[in-house]
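Peer 1: The structure that follows is given in the form of C-alpha cells.
The values are calculated or read from the model by the stated rules, or taken from the named source; none is laboratory data. These numbers come from a predicted model, not from an experiment. Ideal geometry is used to build each Cβ from the backbone, glycine not excepted, and the neighbour counts take in all protein chains shown. Only protein heavy atoms, including side chains, enter the accessible area calculation; ligands, DNA and RNA are left aside. Shrake-Rupley method; radii C 1.70, N 1.55, O 1.52, S 1.80 Å.
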Amino acid sequence: MGQSATEFAGFAEEIVRWQGAHGRNSLPWQNTRDPYRVWLSEIMLQQTQVSTVLDYYARFLERFPTVADLAEGKHDAVMALWSGLGYYSRARNLHRCAQDVMSLHGGQFPRTSELLQTLTGIGRSTAAAIASFCFAERVPILDGNVKRVLTRVIGFSADLAQSANERALWGRATDLLPAPHLSDTMPRYSQGLMDLGATVCTLRQPQCALCPVQKICRAFAAGEPLKYPVKTRKMKRSAQALSLLWAQRPDGSVWLEKRPVTGIWGGLYCLPVFVSDVALKALLPLAVQARLEALPHFVHVLTHKDLHLSPWIAGFRAGQAMPKAMNAEDRPGAWFGPEAWPGVGLPAPIRRLLARDFVA
C-alpha cells in the first residue's frame, strides 16, 4: 500500500485541469471567496444532496445575508429556515458559530483550518474546505466524495472504521496536494476532488472512462473500483412508532410544543409526541377524548430510522387550555395560528401533516 511520489506525480495538476474544463463551476456558493457563503454551503451539504440544498441556501442568504445578520437572528427564525433539511443540530451549531465569529473574532472568520476547527460545528474537513476555497491554504479535505476518489486512486484498502486508518488517509491526502508553489490552485483542486466524486467517481456506477486520473488509478487497474472505500462498521436501520396530537381550536390555531435540544427533531416546534396512542389519550380530558379523530398513519424515513407516525386530531374549544401535564416546564408550548406556521421551525413531516399532505 506504499505510495511512491512518481506513481502519482501530476495527480493534483490533472484534477485542477479537469475541474476547469468539466467540473461544476456555476453553483451559487462557487466563484466566491466569502467565507460566510462557503461555510454555509459546506454545513448544508453535509449529508444532503446539492439539488436539495440549492433552494435552502438561497432562502437562507435572503434572510441572513451576512454572518452578523445570522448571529443576531432569532433561534426560531433559523430553525424555520432549516425546517425540512434535517440533521437539525447543524442549524443550532450554525447559529452558535455565527455568534462566536462575531464575539470572538470581530466578525471575521479565522483564515486557517486549525483556527476554524475551534468554532462550533466545524470539523476538520469543513475547516479545510473553507481555508482552501477562501484563503488558498494548502490543506486537504476529506469528505465522503473525496474519500472515495482518493481510496480508489491510491488503492487504500485499510478499514476506515478504524481511526488510525482514517488518520493515515489524511496523511496520504496531504501528500497528493499541489506543490507549495502552486498553492493558488488550491480552491480549484479542492473543488475538483469534490466534483469528481460527485459526478464521475460515484458510489455504485463510476464512469471510469471519463476520469482524468484513470491511468494512475489503482482501483481501475485492478478492475475493482467498487471495493473502495472500505468501512466495515455500518449503522443498523431501526424503526420507531410515535403518536402525534393535533390539538386545534375553532380559529385554526394548533398547539405546538418545543422539543428538547437532544433527540429527534431537537429544538424544533412540534405537535406533542407520545410513545403510544394509549399514552396520548391518557393525558386528555374525557370531553376532548370524545372528539378525537384518527388520521391516516404514515411513515417518515430518516437516514437510519423509519418513523411510523400515528396522528390524532382533537378539537379544543375557544379559550380551552391544554392539560397542565402538556404545558410543563420541560415541554413548553403555545397556540400557533396557520399564519405563524411558516415562521416556526417545524419538522418536515409535521409541516406536511398540517398541510394535509400525508405522503412521507
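Peer 1: Would you be able to say whether some residue in the stretch 261-273 is hydroxyl-bearing (S, T, Y), surrounded by 11 or more Cβ atoms within 10 Å (Cβ to Cβ) and farther than 30 Å from G73 by Cα? Show your work before the answer.
Peer 2: Taking the stretch 261-273 as the starting set, the residues that turn out to be hydroxyl-bearing (S, T, Y) are 262, 269.
Then drop every residue that is not surrounded by 11 or more Cβ atoms within 10 Å (Cβ to Cβ), which leaves 269.
Narrowing the set further to residues that are farther than 30 Å from G73 by Cα leaves none.
No.
Peer 1: Restricted to the stretch 143-156, and to residues that are in a loop (DSSP other than H, G, I, E, B) and at pLDDT 95 or above, which residue is surrounded by the fewest Cβ atoms within 10 Å (Cβ to Cβ)?
Peer 2: So in the stretch 143-156, the residues in a loop (DSSP other than H, G, I, E, B) come out as 143, 155-156.
Okay, now just the ones that are also at pLDDT 95 or above, so 155-156.
Details: G155: 18, F156: 22.
Result: G155.
Peer 1: Another one. Mind checking which residues of the stretch 99-119 are part of a loop (DSSP other than H, G, I, E, B) and open to solvent by 40 Å² or more (accessible area, probe 1.4 Å)? Break it down stepwise before answering.
Peer 2: Restricting attention to the stretch 99-119, the residues satisfying the condition of being part of a loop (DSSP other than H, G, I, E, B) are 106-112, 117-119.
Within the stretch 99-119, G106, Q108, R111, T112, Q117, T118 qualify.
Peer 1: Evaluate the following for R237: is it under 30 Å from A164 (Cβ atoms) and either out of contact with any helix residue (DSSP H, G or I) (no Cβ under 6 Å at 6 or more places or on another chain) or acidic (D, E) (or both)? Can you show your working first?
Peer 2: Details: under 30 Å from A164 (Cβ atoms): yes; either out of contact with any helix residue (DSSP H, G or I) (no Cβ under 6 Å at 6 or more places or on another chain) or acidic (D, E) (or both): yes.
Yes; evaluated as a whole, the condition is true for this residue.
Peer 1: Going by what's in this entry, would P250 be described as modelled with pLDDT of 90 or more and outside any strand (DSSP E or B)? Please lay out each step first, then the result.
Peer 2: Values: modelled with pLDDT of 90 or more: yes; outside any strand (DSSP E or B): yes.
So P250 fits the description; yes.
Residues checked against (1) in contact with a Pro (Cβ under 6 Å, 6 or more places away or on another chain); (2) surrounded by 18 or more Cβ atoms within 10 Å (Cβ to Cβ); (3) not aromatic (F, W, Y):
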| residue | (1), (2), (3) |
| --- | --- |
| W312 | no, yes, no |
| R317 | no, no, yes |
| K324 | no, no, yes |
| G333 | no, yes, yes |
| P338 | no, no, yes |
| P347 | no, yes, yes |
| R352 | no, no, yes |
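Peer 1: Which one is farthest from the chain's Cα centre (by Cα), of the residues in the stretch 177-192 that are more than 12 Å from A129 (Cα to Cα) and open to solvent by 10 Å² or more (accessible area, probe 1.4 Å)?
Peer 2: H181
Residues checked against (1) outside any loop (DSSP other than H, G, I, E, B); (2) hydrophobic (A, V, I, L, M, F, W, C):
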position: G267; (1), (2): no, no
position: V278; (1), (2): yes, yes
position: L284; (1), (2): no, yes
position: A287; (1), (2): yes, yes
position: V299; (1), (2): yes, yes
position: P311; (1), (2): yes, no
position: A318; (1), (2): no, yes
position: P342; (1), (2): yes, no
position: G345; (1), (2): no, no
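Peer 1: Something else now. Report, by residue number, each residue of the stretch 168-193 that is within 16 Å of F156 (Cβ to Cβ) and not in a loop (DSSP other than H, G, I, E, B).
Peer 2: A168, L169, W170, G171, R172, A173, T174, D175, L193
Peer 1: Continuing with the same structure: Has the stretch 194-205 got any residue that is charged (D, E, K, R), in contact (Cβ under 8 Å) with a residue 60 or more places away in the chain, surrounded by fewer than 18 Cβ atoms within 10 Å (Cβ to Cβ) and in a helix (DSSP H, G or I)? Walk me through it before giving the result.
Peer 2: Just the residues of the stretch 194-205 that are charged (D, E, K, R), to begin with: 195, 204.
From what is left, the residues that are in contact (Cβ under 8 Å) with a residue 60 or more places away in the chain are 195.
With surrounded by fewer than 18 Cβ atoms within 10 Å (Cβ to Cβ) added as a condition, the list becomes none.
Looking for residues that are charged (D, E, K, R), in contact (Cβ under 8 Å) with a residue 60 or more places away in the chain, surrounded by fewer than 18 Cβ atoms within 10 Å (Cβ to Cβ) and in a helix (DSSP H, G or I), one finds none in the stretch 194-205, hence no.
Peer 1: Something else: Please determine whether any residue of the stretch 3-12 is part of a helix (DSSP H, G or I) and not hydroxyl-bearing (S, T, Y). Break it down stepwise before answering.
Peer 2: Filtering the stretch 3-12 for residues part of a helix (DSSP H, G or I) gives 11-12.
After this cut, where a residue has to be not hydroxyl-bearing (S, T, Y) as well, the list is 11-12.
Yes, the conditions are met somewhere in the stretch 3-12.
Peer 1: Tally the residues that are in a loop (DSSP other than H, G, I, E, B) and either surrounded by 15 or more Cβ atoms within 10 Å (Cβ to Cβ) or among the basic types (K, R) (or both), restricting the search to the stretch 33-56.
Peer 2: Pass one, the stretch 33-56, residues in a loop (DSSP other than H, G, I, E, B): 33-34, 45-49.
Then drop every residue that is not either surrounded by 15 or more Cβ atoms within 10 Å (Cβ to Cβ) or among the basic types (K, R) (or both), which leaves 33, 45-46, 48.
Total meeting the criteria: 4.
Peer 1: Now, a different point. So if I check each of R167, R96, R59, R63, which one is without any contact (Cβ under 8 Å) to a residue 40 or more places away in the chain, open to solvent by 40 Å² or more (accessible area, probe 1.4 Å) and in contact with an Asp or Glu (Cβ under 9 Å, 6 or more places away or on another chain)? Don't jump to the end; show me each part of the working.
Peer 2: On the way: R167 fails: in contact with an Asp or Glu (Cβ under 9 Å, 6 or more places away or on another chain); R96 fails: in contact with an Asp or Glu (Cβ under 9 Å, 6 or more places away or on another chain); R59 fails: in contact with an Asp or Glu (Cβ under 9 Å, 6 or more places away or on another chain).
Going through R167, R96, R59, R63 in turn, just one is without any contact (Cβ under 8 Å) to a residue 40 or more places away in the chain, open to solvent by 40 Å² or more (accessible area, probe 1.4 Å) and in contact with an Asp or Glu (Cβ under 9 Å, 6 or more places away or on another chain): R63.
Peer 1: Inspect all residues belonging to the stretch 5-12 and state whether any of them is hydroxyl-bearing (S, T, Y) and either over 30 Å from Y269 (Cβ atoms) or touching a Lys or Arg at 6+ places or on another chain (Cβ under 7 Å) (or both).
Peer 2: Residues of the stretch 5-12 hydroxyl-bearing (S, T, Y): 6.
Pick out the ones that are also either over 30 Å from Y269 (Cβ atoms) or touching a Lys or Arg at 6+ places or on another chain (Cβ under 7 Å) (or both) and you get 6.
Yes, that holds for at least one residue.
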